[in-house]
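The values are calculated or read from the model by the stated rules, or taken from the named source; none is laboratory data. This one's a predicted model, so the numbers in the text were calculated from it and none came from an experiment. Backbone-built Cβ (ideal geometry, glycine too); neighbour counts: all protein chains shown.
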């Protein structure tokens with residue numbers, strides 16, 4: 001992990017949710033406290049979050065969006081092709097960056113090393129310097145509370161912000177409601 005941010009995603013029974021804090025740091029200084037590090041992609045059917053530099057985030061989000069369009073919104077095919085392209089790019093693969101992407105069916109962590117990781121539980125993933133705090137909190141809250149998916153993500157990120165100096169309490173979330181056919 002690197003000193004960046006905290007992004008947490010939860011693919012629950014009723015909703016898929018991603019959340020992130022707003023802190024941007026440079027070395028040991030806070031540059032900004034209200035950045036947005038999450039976004040919707042694929043016509044609002046995919047959620048994505050990024051840990052790394054802002055310029056890199058925009059490039060990688062745009063690149064991933066192109067793969068989503070090319071694969072007609074198929075998240076699984078898109079993450080595989082995107083990861084291959086990210087790994088092959090001599091500049092992008094050196095980025096200290098990670099992404100989480102999810103929809104109502106899948107959740108993945110992506111890196112410039114070509115990693116496409118679907119969490120073992122298939123439900124919760126976290127990245128960034130506060131990621132381990134956030135995922136620990138999310139697992140405990142899931143097991144011991146009745147919080148809905150968005151509340152669980154928000155509360156877990158607040159716990160991470162209490163522990164990680166690179167994470168703040170300016171939490172933003174995005175939600176995909178479960179759609180049954």
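Could you grab me the full set of residues in segment 143-181 that are within 23 Å of residue 101 (Cβ to Cβ), without any contact (Cβ under 8 Å) to a residue 24 or more places away in the chain and assigned to a helix (DSSP H, G or I)?
Result: 151, 155.
Restrict the check to segment 68-81 and report whether at least one residue is surrounded by 14 or more Cβ atoms within 10 Å (Cβ to Cβ), closer than 28 Å to residue 149 by Cβ and at pLDDT below 90.
Checked against the condition, which is being surrounded by 14 or more Cβ atoms within 10 Å (Cβ to Cβ), closer than 28 Å to residue 149 by Cβ and at pLDDT below 90, segment 68-81 yields no hits at all.
Of everything in segment 29-39, what is assigned to a loop (DSSP other than H, G, I, E, B) and under 15 Å from residue 53 (Cβ atoms)? Give them in sequence order.
Step one: list which residues in segment 29-39 are assigned to a loop (DSSP other than H, G, I, E, B), which gives 33-37.
The answer is 35, 36, 37.
Any residue in segment 17-28 that is within 14 Å of the chain's Cα centre (by Cα), part of a helix (DSSP H, G or I) and surrounded by fewer than 22 Cβ atoms within 10 Å (Cβ to Cβ)? Steps first, answer last, please.
Residues of segment 17-28 that are within 14 Å of the chain's Cα centre (by Cα), as a first pass: 17-22.
After this cut, where a residue has to be part of a helix (DSSP H, G or I) as well, the list is none.
No: zero hits.
When both residues are 6+ apart or on different chains and their Cβ atoms are under 8 Å apart, which pairs have a first residue that lies in segment 64-86 and is at negative phi and without any contact (Cβ under 8 Å) to a residue 12 or more places away in the chain, and a second that is outside any helix (DSSP H, G or I) and buried (at least 17 other Cβ atoms within 10 Å of the Cβ)?
That search, which allows pairs on different chains as well, returns 77/71.
For segment 116-130, check the following and say yes or no: at least one residue is in contact with a strand residue (DSSP E or B) (Cβ under 9 Å, 6 or more places away or on another chain), without any contact (Cβ under 8 Å) to a residue 12 or more places away in the chain and not in a helix (DSSP H, G or I).
So in segment 116-130, the residues in contact with a strand residue (DSSP E or B) (Cβ under 9 Å, 6 or more places away or on another chain) come out as 116-119, 122-130.
Subset that is without any contact (Cβ under 8 Å) to a residue 12 or more places away in the chain: 117.
Still in the running and not in a helix (DSSP H, G or I): 117.
Yes, segment 116-130 contains a residue that is in contact with a strand residue (DSSP E or B) (Cβ under 9 Å, 6 or more places away or on another chain), without any contact (Cβ under 8 Å) to a residue 12 or more places away in the chain and not in a helix (DSSP H, G or I).
Matching residues to (1) at pLDDT below 95; (2) farther than 16 Å from residue 177 by Cβ; (3) out of contact with any helix residue (DSSP H, G or I) (no Cβ under 9 Å at 6 or more places or on another chain):
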site: 17; (1), (2), (3): no, no, no
site: 27; (1), (2), (3): yes, yes, yes
site: 30; (1), (2), (3): yes, yes, yes
site: 41; (1), (2), (3): no, yes, no
site: 46; (1), (2), (3): no, no, no
site: 53; (1), (2), (3): yes, yes, yes
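Being surrounded by fewer than 23 Cβ atoms within 10 Å (Cβ to Cβ), outside any loop (DSSP other than H, G, I, E, B) and touching a helix residue (DSSP H, G or I) at 6+ places or on another chain (Cβ under 7 Å) is the requirement here; does residue 87 meet it?
Details: surrounded by fewer than 23 Cβ atoms within 10 Å (Cβ to Cβ): yes; outside any loop (DSSP other than H, G, I, E, B): yes; touching a helix residue (DSSP H, G or I) at 6+ places or on another chain (Cβ under 7 Å): yes.
In short, yes.
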